[in-house]
Every structure is written in C-alpha cells, then in structure tokens.
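The values are calculated or read from the model by the stated rules, or taken from the named source; none is laboratory data. Given the structure is predicted, the values throughout are model-derived calculations rather than measurements. Methodologically, a virtual Cβ is constructed for each residue, glycine included, from the backbone with ideal geometry; neighbour enumeration extends over all protein chains shown.
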Amino acid sequence: MLELLRIKDLALIEDMELEFSPGLNTLTGETGAGKSFIMRAVDFLLGERMDAALVRPGKEKASVEALFVLPEGETVIRRELSAETGRSRVYINDQLSSQPTIRDMRQSLVIHTSQHGQQKLLSPAYQAEVLDSFLPDPSLLTARNDALAVLNDVLERKARLMARYETVEKQREFLEFQKKEIDRVKPRPGEEDDLEERKKILKDRERAGECLQNALNILHGEVGLLDAMTLLTREMEIIARLFPGFEDDREAIEELRMMLHDLDSRLRRGPEGQDLDDDHMSLDDIEARLFELARLKRKLKRGLNEIVDLKSEIDENLSFLDACALDLKALKAEEDAAAKALKATLTTLGRARQKAAGSLCQRIVTELKDLGFSEHVKVHYEFDAREIYPGCEDLRGRLMWVPNPGQPAQPLDKIASGGELSRFLLALVTMNGENANDHDALPTLIFDEVDAGIGGLTLNAVGARLRTLADRQQTLLITHWPQLAGRADRHFLIQKDVVDGATYTRCDRLDGQRIRAELSRMAGGGEQGDALAEKLCR
C-alpha cells in the first residue's frame, strides 16, 4: 500500500505531500490542474524517465519520495532528478539503489492504468499476455520457454559450426598449400636460433684451429720458442751461480719455460667444451638449412615460431573439416529431439490456452455486464498459429468481441470506444486480484481517467466496481465525475494558483463541507449541483 507520497520542486509542484487511505482515494480538480502529473511523478519514482527541464526553475534538483507499507514492513523509496545533468538517483530506505531494481519492484507496488493502458490493451501481444496470466498452470509457459531455449541453443551452435565450416572450407586450398610447404621443410621450434648458434660455434672453431696452428708454429718454428727457452734456462743457471742476484730471474725463466711446455700440450690437444652434440652438420649444411628456413618464412610471411604454431592450427582446421560432418549429424539429432520436445510442449500449452480462453472470456463477459455492457455482449479469443520452427506452432490468442447482437466479431481496436476500453481494462484489473490470498500484498491500483467516455447509468456500475476493488486493495482514482468521487474514502483536490507571478500546483485533502462543495462543482454547480452533492454524501 502507498501510504505517503511527497513531491518537491517538480514542474509546478513546490512541495506537496499526500497521505493516502487504504481504500479508495480520489484526485479531482479542473483540467490542467496537475492531477495526472502527480501520477506521472509516481511513474518517475518507479523507473520512468523524466526531462530535467521539469525541475522547478531555480532549483538544483527535484525529488519524489514514497512510503510503501508491505507485508514484510515499511519501504521508503526516493528518486532525485538533477537539473544540471538530467541524471537521477534512486534510494531504497536511504540506501543508494538502481533503476533496474526499482523497475523490478514496480509490479508488486503499483499498477497504473491510464489511457496509455487502454492503447496497450489494443495490442494483440498484450492480449496474448493477458490470456497467459490466467493459465491455471503457469509452469507451462516456463516449460515452453525452456524448450525453446534448448532448441535455440542447438540452432546457435549449429549456426556457429556451419559458419566456421564455410570459412575454413574457403581456405582449404591455401591451408593445404601451407601444410605442404611446412611438411616439406619440417621446421622445429627454436631451430633457427639453434642453427645460428651452431654456425657461430663452427666459425669460432675454424678460427681457433688457425690460431692453434700459428701458436704451435711459434713454439716449434725454425727458432722454436721452447728450444730457445731451454737454452736460456741453461744459461741463466750458470749466470745465477756466478751472480746470485740473478736467481729470481732464473726462477722466472724456469717458470715461464714450464708454462710454455704446458701450453704446448694443451694446444696439441685442442680446446675443450666446443664439441657439437648434433649429427656433425658442416657449416655448408647449416647455411643451406638456414636458407631453406628463410625461404619458408618469406613464402608464408611469418616468423619461424609462428610457422610452427601455424602447422598445429592448420592440422586442427583440416581435421575439423573432416570431422564436421559427424558433428553436424550429432547436432541434427539434438535439434530433432529439441524440436520434438518443443512441439509437444506447444501442443499442451495450446490446448491449455484454448481451455483457459473459454473460462476467461466468460468471466470477462460477466464483468462487462456488471459494468453496463449489453446483456448480449460476447467475447472470445481467436487463435492464430505462429510457426516458430518448422512443424512447431505457437497458438497466440487475440481478443475478439461482439458488443451488440447481429454484428460480426471484430478486434477491440476496430470497434471499441474509449469508454468501452476503459471498462474492459477495469474488468481485467478486477479479475487479476480476485484469487489473491493476501490482499495486503496486492499492488496499489491507479486509475487515471479510466472513466473517460462513459456516463449515465454506466457510471454507477463503474463506481460500484471501483468500490469493490478499493475494498480489496488500495485504489487511486483521477476522475471528473462526482458519482465516482463521492464513493471515495479520501478526497484530494488539486488546484493551480498564481502567487507573485509564479504558478504552483497545490493539493488539499478535503473533508465535510469542502467535499460537498467540490462534488457540487463537478456536477455543474448551482442548485442541481448542490442537490447531487448532498445525495452523494449521504
């Protein structure tokens, strides 16, 4: 139940607060006073858009706040609209929330029926939704949606598979060319770097061999360094015996001679740790392999490591083409099973819809007769089979009616007047909550000029139905008819005033004599108006 509504700095409203009754609440006033705008503020609070230009001039923001009393407790919702940015913020119990959250809550808080709702009623899609909402077993809709989702998933996977197949098939010739080139060369990961390293080692070893030979020639040439050092050592021994001051020099010469002999041994053995653990490729072999790899890179316009990865990708794609037929066959089996399940579900749902349509239409006819329609009014659903998959037809119902005897059945949008649509909508809303176990959990009903286009005795029927609704769940009614306003538990008068050149929309809760005065005004004033007002207030 909507207990309290407060609107600040929105359009012509500076600060307005309305405290509603649990029963029937009416808002009356002259055309243009702002009655419908108050209900529009409720729509804004519950997720609808509103232009920033509607923030009252000179104010930074507008706000709409409401207190809802629900079975689980009180909930306060506030939404603010910035004049500068046009953005809004939503708060639930003073905690920042989101508009999707509010929109999800809306259906349990408020049902707003207006002239827009009447136009919605003309939509065949909405008429089909109405029928579905009266199905005895709502799980049939869930089963239908689940079965359709399964089929759509199979179809999507099949479409993705076919799209990939077509793409790869177009590339098959090129892929096979690439595969042939790669298989011919058989590159290995890191092979190019390895060959370059081997090439460097071979060149280094070749150069080292030259240096080894040169060093040996120096040691063993015509004037061999080793022989010269031997002779020099002998001479130094004599010199050191004769002249002890040369002993250190003798020792240094002897040590150098020993080092040279050691060097000679190592030079003859050659360098250690330079062996290549491969198949002893020659430098020419390495150069030829590097050339072959470079040519492959030029052909495929990729680096060597990319080519190695490309081979795996090509093998995968070519294998995919070979296996695709089996995958498609498996998917076709899944598709057939999903289609069979969907067809069975749609058949069951179609029968349930046809059965529900009969009882629903009987209830609509009863309601319409109570709302002043002819005793001969007839309503039925006309079903159209919509194929959603070959062999799977979804029966969709469209409301047809015969308001008067002798006329053929036609859609609502062909023959229904505004007043007739208003009562049609009222009839559907009445039936929606009939079976509710917890009336406190029913949403607040808002009727915005639902009485448009009706008059006379029909007003009494509509008034009685609104009164019945209000006894079941809270109802807010905007009306220009005193016969309806007079049934209210709480009456609000909406007026527009001009103060110091500024226009304000004001709301007053009426009681006693002020209610009589407003009902009289609505009835045209004068003695006749006073008399009707007096009668309505008894």
Condition first: assigned to a helix (DSSP H, G or I), among the basic types (Lys, Arg) and not assigned by the TED database to the domain that holds LEU10. Can you find one or more residues in region 111-122 that meet it? yes
Do we find that ASP500 is at pLDDT below 90, among the acidic types (Asp, Glu) and surrounded by fewer than 20 Cβ atoms within 10 Å (Cβ to Cβ) in this structure? yes
Could you check, for region 69-84, whether at least one of its residues is among the hydrophobic types (A, V, I, L, M, F, W, C), assigned to a strand (DSSP E or B), in contact (Cβ under 8 Å) with a residue 60 or more places away in the chain and touching an Asp or Glu at 6+ places or on another chain (Cβ under 8 Å)? yes
Would you check if ALA41 is surrounded by 15 or more Cβ atoms within 10 Å (Cβ to Cβ), under 23 Å from THR113 (Cα atoms), without any contact (Cβ under 8 Å) to a residue 40 or more places away in the chain and small (Gly, Ala, Ser)? yes
Going by the conditions given, is ASP508 in contact with a strand residue (DSSP E or B) (Cβ under 7 Å, 6 or more places away or on another chain), free of Cβ contacts under 8 Å to residues at least 12 places away in the same chain and among the acidic types (Asp, Glu)? no
So which of ASP336, ASP322, ASP370 ends up being of a type in the set (Asp, Glu), touching a residue at least 12 places away in the same chain (Cβ under 8 Å) and not assigned by the TED database to the domain that holds GLY455? ASP370
For region 497-519, give me each residue that is in contact with a Leu (Cβ under 7 Å, 6 or more places away or on another chain) and of a type outside the set (A, V, I, L, M, F, W, C). THR503, TYR504, THR505, ASP508, GLU518
SER36: passes all of (1) at pLDDT 95 or above; (2) touching an Asp or Glu at 6+ places or on another chain (Cβ under 7 Å) but (1)
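Residue-wise test of (1) within 32 Å of the chain's Cα centre (by Cα); (2) among the hydrophobic types (A, V, I, L, M, F, W, C); (3) surrounded by 21 or more Cβ atoms within 10 Å (Cβ to Cβ); (4) assigned by the TED database to the domain that holds CYS507.
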{"position": "LEU4", "(1), (2), (3), (4)": "no, yes, no, yes"}
{"position": "GLU19", "(1), (2), (3), (4)": "no, no, no, yes"}
{"position": "THR26", "(1), (2), (3), (4)": "no, no, yes, yes"}
{"position": "THR31", "(1), (2), (3), (4)": "no, no, no, yes"}
{"position": "LEU45", "(1), (2), (3), (4)": "yes, yes, yes, yes"}
{"position": "LYS61", "(1), (2), (3), (4)": "yes, no, no, yes"}
{"position": "GLU80", "(1), (2), (3), (4)": "yes, no, no, yes"}
Exception for ARG89 within (1) crowded, with 16+ Cβ neighbours inside 10 Å; (2) at pLDDT 90 or above falls at (1)
Going through (1) surrounded by fewer than 21 Cβ atoms within 10 Å (Cβ to Cβ); (2) in contact with a Phe, Trp or Tyr (Cβ under 7 Å, 6 or more places away or on another chain); (3) in contact (Cβ under 8 Å) with a residue 60 or more places away in the chain one by one, LEU477 fails only at (1)
Given region 421-536, what strands (runs of 3 or more DSSP E) lie entirely inside it while holding 2 or more residues that are not hydrophobic (A, V, I, L, M, F, W, C)? 444-448, 490-499, 502-510
Among (1) in contact (Cβ under 8 Å) with a residue 40 or more places away in the chain; (2) at positive phi, the one test that LYS186 misses: (1)
Of all residues making up region 368-398, the number that are over 20 Å from ALA147 (Cα atoms) and among the basic types (Lys, Arg): 3
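Residue by residue, here is whether (1) assigned to a helix (DSSP H, G or I); (2) modelled with pLDDT under 80 holds:
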| site | (1), (2) |
| --- | --- |
| GLN213 | yes, yes |
| VAL223 | no, yes |
| LEU256 | yes, no |
| ARG268 | yes, yes |
| ASP277 | no, yes |
Residues of region 353-393 being more than 30 Å from ILE454 (Cα to Cα) and surrounded by fewer than 19 Cβ atoms within 10 Å (Cβ to Cβ), which ones? GLN354, LYS355, PHE383, ASP384, ALA385, ARG386, GLU387, ILE388, TYR389, PRO390, GLY391, GLU393
Which condition breaks for GLN528 when tested against (1) closer than 27 Å to LEU371 by Cβ; (2) in contact (Cβ under 8 Å) with a residue 24 or more places away in the chain; (3) not aromatic (Phe, Trp, Tyr)? (2)
